[in-house]
Amino acid sequence: MGEDQNLHGLLKLNMRWPGYLVGYLAVVNVILYPVNIYAGLILSAALVIFVIFLLVMRKKYRPAIMDDLSSFALSFDTVRQEMLDDLPVPYAVLDTQGRIVWGNSLFQSLLPDGAGTQEKNWNPEKNWNPEKNGNPEKNGNPEKNGNPEKGGNPEKIWNREKIWKIIPDIGQAKIQELERNAQSQVLAQLNGRIYRTSLRKTDINAPLPETVKAHEGENSLVTVCLYDETELQDYIRKAEDDKLVVATGYLDNYDEVLETVEDVRRSLLIAIIDRKISKYFSGFDGLVRKTEKDKYFIILKKSSLNQLIDQKFHILEEVKNVNIGNEMAVTLSLGIGLGADQILQNYEYSRIAIEMALARGGDQVAVKDGTTITYYGGNTAQIEKGTRVKARVKAQALKEIMSSRDRVVVMGHKITDVDALGAAIGIYRAGKTLGKPVHIVVNDPTTSIRPLMAGYMDNPEYEPLMFVDSQKARELVDNNAVLVVVDTNKPSYTECPELLGMTHTIVVLDHHRRGNETIQNAVLSYVETYASSTCEMVSEILQYFQEGLKIRNMEADSLYAGIIIDTNNFSNRAGVRTFEAAAFLRRSGADVTRVRKMLRDDLNSYKARAEAVRSARIYRDCFAIARCPSDQLESPTVTAAQAANELLDISGVKASFVMTTYHGEVYISARAMDEVNVQLMMEKMGGGGHLNSAGAQSTDSVDEVEKKLEAVIDESLEEAQDS
């Protein structure tokens, strides 16, 4: 019975058919007796002889047949294992925890010394023993089948080491997140070669070879197959490196620099700059052509671009170091486009990138790779333009746009501050001059702007819907309205981002540097990073908007207050045009005393600001980091900004960072003098701003934000040392 249980399927049927025949003949014999008793006796005798013959044959040949079947099965399993082991592709089996269960010889050869398998001592009682296993002539020979002293193959045991400890590119998450019967691929590096690794999770539905044993309780295995693609990846990388990159260069302050140089030296200055730029890019196998007096067209390979990035675009410093008597340093901006399939599209990317670089103040490189823009440099403040031609042109364009629409809606950024409100009130006066209904979107007025708004609320000289919330604004905005965004150029920062998709006529007025996120499809965009505030820009626009435009005293106070706040009483980023705008507002009726009264703090804000300064700590010898308490404060972000300004008055402090919580988020106010670019630091934390005035916000805890801030400071110092 034991042997019969080892037979299955067709083989079992083939071995038992004589027994079935005997049963069939016995039935026929019984039926034959009533018909003819002699015939029945003859068939019975024949049946007995046939049964005796079957029993003799079974006893004599059954063991030999079973031995042959066993030998065939063993040889077939050996061939199967040898074929798997000799597979010309590295192949391994893992359990669901990532432990190596088995691997073929080629996979074993790829592993470092000490990883993979170890030899198990050969034991004749386990591998073969004539006293336990049978006849050596039929069942095996220890000298041939398993004795390492005679050339046999000792049994191997796998160490069950985690696969990611040997091949780190196959991460733990990659194994554990693998779907059942799903296939996943990843590029992995091993021994200086690149392998395309195919992972597949499979259910265990069949008996496994002795060399492959799953972990107890597991019903799945993960197969790993490594395909050597080193040469293919080298060709792919070479093809990627040989792609053409298009760059556009622009001398930011060409005209201003030439005005500071003697006439006889102007040609020499330009010749030196042209030579430096051409020689620099020629060293990286680049082609440079000058298209205009201050513009360059550059083509180079992507591999060369990677080298330029590693060098932090040292050409920016080389151009600034050119001095033959010019009082002003020359600055260069570059816009680089790549990532498109066509070179014309790369050129379009470079054009967009140079616009972004110039909008951020110049003296930097903007690299646009598809939808991603990366900035390098930008440590120089944009030079204030002496001419107001651009302001006059923008004012006339704004007038034409507003005249062609039925309604004007103005909004600033979230948590509207004095600068945003003052600029919005200036646009309000421009719209009312044209006879248009104007509405300013303010959702939650803070304590800093309530005194300014109080003069307009319930004032018969101003319409009741001068200030509206987002819900009301959605009802007012359509394609016949012009939406003016002031003091921000990021759509997510606006008071009501939904309004941007409700009209095709959008105007942007801002003085912050542009980041990767910008308002798209604006019909008029006036972003001047040299301006101290948006109120300064709007004050200039009002002077050229329309002849006879009259600003009321209260409106002049609001614009003047915005300049006062953003310049910290004309001590920060105040240029010639800032004072000219302030003089215009003073002539229009702005009163310093009234403005000062409106901007006074309450006692709680003053105490919170003092506490932030008191608890400040100095990090890396020159960075002040503080936390501003937000309890009992309606506008903690304003108080934090004031505290950051005050920390700059401490000797030795190059930059200050004050954190506060508001509506479940952490806000950072960053301020600097002139040696540190806090804008780049805040951009790394998801914010932005100016070189010496920036900010960011985060949903993390204050402790986590402070750790990230320290990491950003450390990274910025390392970059400064490397450059």
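The values are calculated or read from the model by the stated rules, or taken from the named source; none is laboratory data. Everything quoted here is computed from the prediction, not taken from an experiment. All Cβ positions, glycine included, derive from the backbone under ideal geometry; neighbour counts span all protein chains shown.
Odds and ends about this structure:
- Q520 in a helix (DSSP H, G or I) and more than 26 Å from L434 (Cβ to Cβ): no
- Any hit, the range 341-357, residues being touching a residue at least 60 places away in the same chain (Cβ under 8 Å), buried (at least 17 other Cβ atoms within 10 Å of the Cβ), not polar (S, T, N, Q) and not in a helix (DSSP H, G or I): no
- Residue in the range 343-353 that is at pLDDT 90 or above, over 35 Å from the mean Cα position of the chain (by Cα) and in the same structural domain as K368 (by TED's automatic domain parsing) present: no
- Test result for A590, of a type in the set (G, A, S), buried (at least 23 other Cβ atoms within 10 Å of the Cβ) and assigned to a loop (DSSP other than H, G, I, E, B): yes
- Only one entry in P497, P464 is more than 17 Å from A581 (Cα to Cα) and surrounded by fewer than 15 Cβ atoms within 10 Å (Cβ to Cβ), namely P464.
- Failed condition for S278, given (1) in contact with a strand residue (DSSP E or B) (Cβ under 6 Å, 6 or more places away or on another chain); (2) assigned to a helix (DSSP H, G or I); (3) buried (at least 19 other Cβ atoms within 10 Å of the Cβ): (3)
- Pair list, Cβ < 7 Å and 6+ apart or interchain, from the range 607-632 residues that are within 15 Å of V702 (Cα to Cα) and in contact (Cβ under 8 Å) with a residue 60 or more places away in the chain to residues that are crowded, with 20+ Cβ neighbours inside 10 Å and among the aromatic types (F, W, Y): I625/F657
- Candidates A720, A643, A616, filtered to the one that is surrounded by 16 or more Cβ atoms within 10 Å (Cβ to Cβ) and over 22 Å from D566 (Cα atoms): A616
- Single unsatisfied condition, D274 versus (1) over 32 Å from the mean Cα position of the chain (by Cα); (2) acidic (D, E); (3) within 28 Å of N677 (Cβ to Cβ): (3)
- Among residues of the range 45-104 being among the polar types (S, T, N, Q) and under 30 Å from R193 (Cβ atoms), the one that is modelled with the lowest pLDDT is Q81.
- Among residues of the range 500-513 that are within 13 Å of E475 (Cα to Cα), those with a beta-carbon under 7 Å from a residue that is in a strand (DSSP E or B) and hydrophobic (A, V, I, L, M, F, W, C) at least six positions away or on a different chain give the pairs T503/A481; T503/L483.
- So K295, is it among the charged types (D, E, K, R), surrounded by 15 or more Cβ atoms within 10 Å (Cβ to Cβ) and in contact with a strand residue (DSSP E or B) (Cβ under 8 Å, 6 or more places away or on another chain): no
- Test result for R429, part of a helix (DSSP H, G or I), within 36 Å of the chain's Cα centre (by Cα) and not assigned by TED's automatic domain parsing to the domain that holds Y662: no
- Residue satisfying all of: in the range 528-563; closer than 22 Å to G695 by Cα and surrounded by fewer than 24 Cβ atoms within 10 Å (Cβ to Cβ); farthest from the chain's Cα centre (by Cα) among these: Y530
- Residue count, the range 473-494 (criterion: surrounded by 15 or more Cβ atoms within 10 Å (Cβ to Cβ) and free of Cβ contacts under 8 Å to residues at least 12 places away in the same chain): 0
- Against the conditions (1) in contact (Cβ under 8 Å) with a residue 60 or more places away in the chain; (2) in a helix (DSSP H, G or I); (3) within 26 Å of D674 (Cβ to Cβ), V538 satisfies every one except (3).
- Selection count where residues are more than 13 Å from A357 (Cα to Cα) and not in a loop (DSSP other than H, G, I, E, B), scope the range 523-532: 3
- Verdict on I415 being within 30 Å of Y667 (Cβ to Cβ), assigned to a loop (DSSP other than H, G, I, E, B), β-branched (V, I, T) and at pLDDT below 90: yes
- Residue count for the range 299-336, restricted to those that are under 23 Å from D255 (Cα atoms) and of a type in the set (A, V, I, L, M): 10
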